[in-house]
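Engineer: Okay, handing you the structure first.
The values are calculated or read from the model by the stated rules, or taken from the named source; none is laboratory data. For clarity, every value in this text was computed on a predicted model and none was experimentally measured. Cβ placement follows ideal geometry from the backbone for every residue including glycine, while neighbour counts extend to all protein chains displayed.
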Amino acid sequence: MRLDAEKLDTLRRWGHGLETDERDEIRSAGRAILLLIEEIERLHIDLWHARAGDVAILEPEPEPEPEPADVD
């Protein structure tokens, strides 16, 4: 199952509801859900930009090969 907009909205409502609980652990779980949703949305934006060609996908530059030492 993929997370579509409707499922993200449901999770967002759960997260907000949990944030209002009197127990610290439950409030923390609600905040964690909301933080994960924010990250998912940022990743969707990054992916959209990458597919549109607006963001170059960077690969690590290869390390330059060391120059051979002079053998005398």
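Engineer: Among Arg23, Arg12, Arg2, Arg42, which is the only one that is surrounded by 11 or more Cβ atoms within 10 Å (Cβ to Cβ) and modelled with pLDDT of 80 or more?
Structural biologist: Arg12
Engineer: If you don't mind, another one. Kindly indicate whether Leu47 is surrounded by 12 or more Cβ atoms within 10 Å (Cβ to Cβ), without any contact (Cβ under 8 Å) to a residue 60 or more places away in the chain and among the hydrophobic types (A, V, I, L, M, F, W, C). Before the answer, list the steps.
Structural biologist: Values: surrounded by 12 or more Cβ atoms within 10 Å (Cβ to Cβ): no; without any contact (Cβ under 8 Å) to a residue 60 or more places away in the chain: yes; among the hydrophobic types (A, V, I, L, M, F, W, C): yes.
No.
Engineer: Here's another thing I want to ask about it. Determine which member of the set Ala56, Ala32 is modelled with pLDDT of 95 or more and hydrophobic (A, V, I, L, M, F, W, C).
Structural biologist: Details: Ala56 fails: modelled with pLDDT of 95 or more.
Going through Ala56, Ala32 in turn, the sole match is Ala32.
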